[in-house]
């Protein structure tokens, strides 16, 4: 009897490990694509709001019911978030922070609409799912976070109390 022969469960496990290794190599590209896609959606929405500010204010006054904020303040915060956070996401700088902020904007958008079409809700769920992935795995290998993190960790380990640009 040959003891070097793998059982079928062991062969199946080995094959799945090889496949997982191949899929792991795709993770940086997948995270970058998710960042670019979501950033485009939110940045475009922010530009649309800026292009017609009077309509934006009217929508925040009449349609969007953002709790705890005046319509004008909600419009400023929402538009500012839609313009700033996608830039951070594209750069992969403070990627988890940007994803969390956009997730909150997305959730508030869904909650503030009294009546949302099923197709629109499905889009928001999709965007939210991509943002949760970015929250869980970060911006990925192709990001400024990946370049900056080792330097910040070294400063923290060295006992630096402040972080300065070099």
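Below, the figures for the structure above:
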{"item": "Qualifying residue in the range 6-24 (condition: under 28 Å from residue 133 (Cα atoms) and in a loop (DSSP other than H, G, I, E, B))", "result": "no"}
{"item": "Residue check, residue 58 in a helix (DSSP H, G or I), over 30 Å from residue 24 (Cα atoms) and touching a strand residue (DSSP E or B) at 6+ places or on another chain (Cβ under 8 Å)", "result": "no"}
{"item": "From the options 132, 148, residue that is outside any loop (DSSP other than H, G, I, E, B), surrounded by 14 or more Cβ atoms within 10 Å (Cβ to Cβ), touching a residue at least 12 places away in the same chain (Cβ under 8 Å) and out of contact with any strand residue (DSSP E or B) (no Cβ under 7 Å at 6 or more places or on another chain)", "result": "148"}
{"item": "Residue in the range 39-46 that is closer than 20 Å to residue 102 by Cα, touching a helix residue (DSSP H, G or I) at 6+ places or on another chain (Cβ under 9 Å), free of Cβ contacts under 8 Å to residues at least 40 places away in the same chain and part of a helix (DSSP H, G or I) present", "result": "yes"}
{"item": "Exclusive hit being crowded, with 17+ Cβ neighbours inside 10 Å, out of contact with any strand residue (DSSP E or B) (no Cβ under 8 Å at 6 or more places or on another chain) and under 30 Å from residue 137 (Cβ atoms), set 22, 46, 80", "result": "46"}
{"item": "Selection status of residue 119, at pLDDT 95 or above, over 15 Å from residue 45 (Cβ atoms) and not in a helix (DSSP H, G or I)", "result": "no"}
{"item": "Residue match in the range 62-73 (condition: assigned to a helix (DSSP H, G or I), at pLDDT 95 or above and surrounded by fewer than 16 Cβ atoms within 10 Å (Cβ to Cβ))", "result": "yes"}
{"item": "Number of positions in the range 135-145 that are under 13 Å from the mean Cα position of the chain (by Cα) and part of a loop (DSSP other than H, G, I, E, B)", "result": "4"}
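The values are calculated or read from the model by the stated rules, or taken from the named source; none is laboratory data. None of these values were measured; they are calculated from a predicted model. Ideal geometry is used to build each Cβ from the backbone, glycine not excepted, and the neighbour counts take in all protein chains shown.
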